[in-house]
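Structure, as structure tokens:
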Amino acid sequence: MARRLSRPATVRPETVRPARVEGLKRVAAALALASALCWPHAARTEAPPAAPAMLLAKVYAADVDVTQYWVSEKFDGVRAQWDGHVLRFRGGGLAPAPAWFTADFPRVPLDGELWIARDAFDALSGTVRKAPPVDAEWRRVRYLVFELPGAPGDFSARVGQMREVIEQAAVPWLEAVAQTRVASREDLMQRLDAEVRAGGEGLMLHRADAPYLTGRSDALLKLKPWLDAEAIVVGYVPGKGKYAGMTGALRMETPDGKRFRLGSGLSDALRRQPPPVGTRITYRYTALTKNGMPRFPRYLRVREDF
């Protein structure tokens with residue numbers, strides 16, 4: 001006699017699925033709790049580092065009374081601020097300097113530039129961005145100090161304080177930037193010509209009676225034989241002739257929405273592999289047209305705040 005096979009019980013989704021969902025929810029909740037207990041950092045997101053407050057320069061104008069300012073060389077380096085414990089870039093990120101580089105720095109705030117030499121910015125940029133740092137490369141780097149953040153008194157008083165702080169630290173690669181005075185605009189222009197002929201970038205003027213300030217202020221002025229500004233890459237112009245198959249120029253947009261082409265100063269390597277759209281570029285120019293466009297713009301470098 002043949003055996004009758006019993007039919008499997010009918011499973012009703014409306015009665016089983018909610019239970020399964022509840023079970024999965026309980027499992028997920030348990031896993032989340034375990035993760036939070038065992039790996040609490042996984043639930044946190046670190047806020048980006050705050051950029052240190054710094055004094056930023058305005059552009060020198062011919063009507064400035066130069067006798068009221070201290071004058072120094074404008075160094076083409078990477079801005080960095082020492083808070084007494086760590087060294088941070090202008091953008092707020094930690095400078096990946098070897099421990100020995102800052103081990104004997106004074107425990108007071110300093111503001112200055114990491115620098116190698118004139119016309120050596122690319123080498124410097126490559127050095128200070130590497131993590132872990134390369135000791136042999138950092139042996140060439142100096143930290144040139146031009147301000148004491150938060151220190152009392154006017155800038156003239158802080159010039160003396162800087163010299164004393166740096167002397168007492170006795171760190172060979174820690175230097176106070178030389179500050180001098182000029183008697184007239186003619187003296188200033190002669191000083192500028194001498195700096196530029198020697199390969200320098202220009203001059204900085206810091207008002208002698210200024211307290212410590214942050215933000216952009218005419219207490220600090222920059223003087224160069226050319227102007228510079230920043231713009232964003234928004235596209236590319238195809239190259240022609242010897243640049244066929246490469247980038248002929250970058251399409252740029254200024255912060256106020258003006259657009260122009262930037263081709264002068266681009267190396268063949270940059271023309272083959274141009275900066276991506278969205279990259280911030282520093283360029284030089286001689287003057288602005290009546291429409292506010294840069295005259296004779298020339299590529300200088302990718303702008304990085306590190």
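The values are calculated or read from the model by the stated rules, or taken from the named source; none is laboratory data. Here the structure is a predicted model, which is why all the values come from computation and not from measurement. Note that each Cβ is placed from the backbone with ideal geometry, even for glycine, and that neighbours are counted across all protein chains shown. The area values use the complete protein model at the heavy-atom level, side chains included, leaving out ligands, DNA and RNA. Shrake-Rupley method; radii C 1.70, N 1.55, O 1.52, S 1.80 Å.
Selection of first residues in the stretch 277-306 that are small (Gly, Ala, Ser) and of second residues that are open to solvent by 80 Å² or more (accessible area, probe 1.4 Å), restricted to Cβ pairs under 8 Å at least 6 apart or on distinct chains, gives the following pairs, ordered by first then second residue: ALA287/ARG295; GLY292/ASP256.
Which ones in the stretch 49-94 are in contact with a Gly (Cβ under 6 Å, 6 or more places away or on another chain) and surrounded by fewer than 16 Cβ atoms within 10 Å (Cβ to Cβ)? Correct list: PRO49, ALA50, ALA51.
Candidates are the residues of the stretch 84-135 that are more than 17 Å from the chain's Cα centre (by Cα) and of a type in the set (Gly, Ala, Ser); the one that is farthest from VAL171 (Cα to Cα) is ALA117. Could you tell me whether LEU213 is aliphatic (A, V, I, L, M) and either outside any strand (DSSP E or B) or within 22 Å of LEU144 (Cα to Cα) (or both)? When the stated conditions are applied, LEU213 passes them. Taking helices (runs of 4 or more DSSP H) as the structural unit, those lying wholly within the stretch 112-206 and holding at least 1 residues that are under 24 Å from PHE89 (Cα atoms) and β-branched (Val, Ile, Thr) correspond to 121-129, 155-169.
The single residue among TYR212, TYR285, TYR236 that is modelled with pLDDT of 95 or more, surrounded by 14 or more Cβ atoms within 10 Å (Cβ to Cβ), within 23 Å of GLY77 (Cβ to Cβ) and of a type in the set (Ser, Thr, Tyr) turns out to be TYR212.
One residue stands out in the stretch 155-197 among those that are over 30 Å from ALA99 (Cα atoms), open to solvent by less than 60 Å² (accessible area, probe 1.4 Å) and among the small types (Gly, Ala, Ser): the one that is farthest from the chain's Cα centre (by Cα), namely SER184.
Considering the conditions (1) under 23 Å from PRO149 (Cα atoms); (2) buried (at least 19 other Cβ atoms within 10 Å of the Cβ); (3) not hydrophobic (A, V, I, L, M, F, W, C), GLU201 is excluded by exactly one of them, (1).
Selection over the stretch 254-286 of residues that are of a type in the set (Lys, Arg) and closer than 15 Å to VAL237 by Cα gives a count of 4. Of all the residues that make up the stretch 244-271, how many are under 16 Å from TYR285 (Cα atoms), of a type in the set (A, V, I, L, M) and in contact (Cβ under 8 Å) with a residue 24 or more places away in the chain? Residues that pass the stated criteria total 4.
If you take the residues of the stretch 95-123 that are surrounded by 13 or more Cβ atoms within 10 Å (Cβ to Cβ) and at pLDDT below 95, which of them is farthest from PHE75 (Cα to Cα)? Within the stretch 95-123, the match that is farthest from PHE75 (Cα to Cα) is ALA123.
Looking only at residues of the stretch 216-233 that are of a type in the set (D, E, K, R) and under 27 Å from LEU148 (Cα atoms), we find that the one that is surrounded by the fewest Cβ atoms within 10 Å (Cβ to Cβ) is ARG216.
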